[in-house]
Amino acid sequence: MNRNGLGFRMRGGWRGWGGALSALACLLILCAGCDSLNPYRVGEKAVAKYMVTFLGPAERYQVHIDKEGARLRGGYVAHMTIAGDEVRTASGFSMRRLDADLYGVRFNSKTRKLQSIERSAFTAFVTQAAANEYLGAHNRGIPGLSVTFEPGTFVAHAAPQLLGVTIPVTLKGRAYAADGALINFETDQLAVSRLTIPLAAVRYVQDKVNPVFDVRELKLPAEVESVESGAGEMIMRGRVKLPQG
């Protein structure tokens, strides 16, 4: 993923990915004619630095700009990759790893503003511990809500009270993306039919668990297209949403 790109260890806050690329456009234009500076390295360093400010603190960001097809003076980068380790957004949501690919990045060489991105893709890995840390800090209205990630199976745990009695509930099913912003849970009805706990407790959890996560609340500038449950972690895939203009 690195392919000789630059990596940096920094801390910062969140605003959005667009500022990082605007900074990239600015520095690439300033340095495109400098013999003593490598404009690609300067651009990689700029993006890594601004990712801290505009996405969130991370153990390290690594950026690589492909030279093939790039026309810096013409305001075009064909492809760049951005990778973050242990990224934490302003909401406190942590990702073990975040990988993003940006294609066809165009910027105005005079105004130094980002104009468009042809397409983008990201993959984010969230550990079970990080997901439960976030759920514990953000009340979902369900007592004892936590999740377990198993290969191919998303497990929701809760402890609702019915008539003053706490009833532990464990539901197995799948996570899925909805409307690009929500990560919802769908129970396996066959598994539910085999439970010996009161059906009212099951229905309570089913009715109130969604959305388990909302990427807008997570402060993640992305449109989630798919969600997968792996061994001890959740994998989100989709496209990066970048403010442009």
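The values are calculated or read from the model by the stated rules, or taken from the named source; none is laboratory data. Quantities reported herein were computed from a predicted structural model and do not represent experimental measurements. No Cβ is skipped: glycine too gets one built from the backbone with ideal geometry, and neighbour counts run over all protein chains shown. Accessible surface is based on the protein model in full, side chains and every heavy atom, while ligands, DNA and RNA are left aside. Shrake-Rupley method; radii C 1.70, N 1.55, O 1.52, S 1.80 Å.
Of all residues in the stretch 67-109, those satisfying the criterion of being within 25 Å of LEU220 (Cβ to Cβ), more than 11 Å from the chain's Cα centre (by Cα) and in a loop (DSSP other than H, G, I, E, B) are ALA90, SER91, GLY92. Here GLU68 clears all of (1) in contact (Cβ under 8 Å) with a residue 24 or more places away in the chain; (2) open to solvent by 30 Å² or more (accessible area, probe 1.4 Å); (3) over 30 Å from THR148 (Cβ atoms) except the condition numbered (1). Taking the listed residues ASP85, ASP101, the one that is touching an Asp or Glu at 6+ places or on another chain (Cβ under 7 Å) and open to solvent by less than 50 Å² (accessible area, probe 1.4 Å) is ASP85, with no other qualifying. The residue that is modelled with the lowest pLDDT, among those in the stretch 195-245 that are in contact with a Phe, Trp or Tyr (Cβ under 6 Å, 6 or more places away or on another chain) and of a type in the set (D, E, K, R), is LYS219.
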